[in-house]
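Structure first, then comments.
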Amino acid sequence: MLNIEFAILDFIREYMTSPIMDSIMVGITSLGNSGAIWIVLAILMLCTKKYRKTGIILAIGLLGSLV
């Protein structure tokens, strides 16, 4: 199974890189480091009636991880 994963990762590294996308992906990846993406997602979910329950669960999870 690991051989398949390494083959996929090697393919991505070899054929799907560019300086512009590399810098964009660094920015996107850094959003997860501080939890900003999860905070924004929780707020957006809390604002919509359809996803409010999920937003509450996400917000509780974020607060729990803060402790």
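On the full set of protein chains, 1.4 Å probe, figure out the accessible area of T17 and give it in Å² to the nearest 10.
Result for T17: roughly 80 Å² accessible.
Could you report the chain's accessible area per residue, 1.4 Å probe, as an integer in Å²?
I get 89 Å² per residue for the chain.
On a 0 to 90 degree scale, rounded to 10, what angle separates helix 2-15 from the longest Cα axis of the chain?
With both axes taken from Cα atoms, the answer is about 80 degrees.
Using a cut-off of 15 Å between beta-carbons, work out the net charge of the residues near I56 (Lys and Arg +1, Asp and Glu -1, I56 not included). Don't jump to the answer; show the numbers that get you there.
Values: positive: K49, K50, R52, K53; negative: none.
Here the count lands on +4.
Would you mind checking the tilt of helix 19-34 against the longest principal axis of the Cα atoms of the chain, expressed as 0 to 90 degrees and rounded to 10?
On a 0 to 90 degree scale, this one is about 30.
Of the accessible area of the chain, with the probe set at 1.4 angstrom, what percent is carbon plus sulfur? Don't jump to the answer; show the numbers that get you there.
Numbers: 4410 of 5980 Å².
Looking at the chain in its full context, I get 74 percent from C and S.
Based on the alpha-carbon set only, what is the convex hull volume of the chain divided per residue, in Å³?
150 Å³
As I understand it, the value is the acute angle between the Cα axis of helix 52-66 and the longest principal axis of the Cα atoms of the chain; what does it come to in degrees, rounded to 10?
For 52-66 against the chain, the angle is about 80 degrees.
The values are calculated or read from the model by the stated rules, or taken from the named source; none is laboratory data. A quick note: this is a predicted structure, and the numbers were derived from the prediction, not measured. No Cβ is skipped: glycine too gets one built from the backbone with ideal geometry, and neighbour counts run over all protein chains shown. Surface areas here come from the heavy atoms of the whole protein model, side chains and all, with no ligands, DNA or RNA. Shrake-Rupley method; radii C 1.70, N 1.55, O 1.52, S 1.80 Å.
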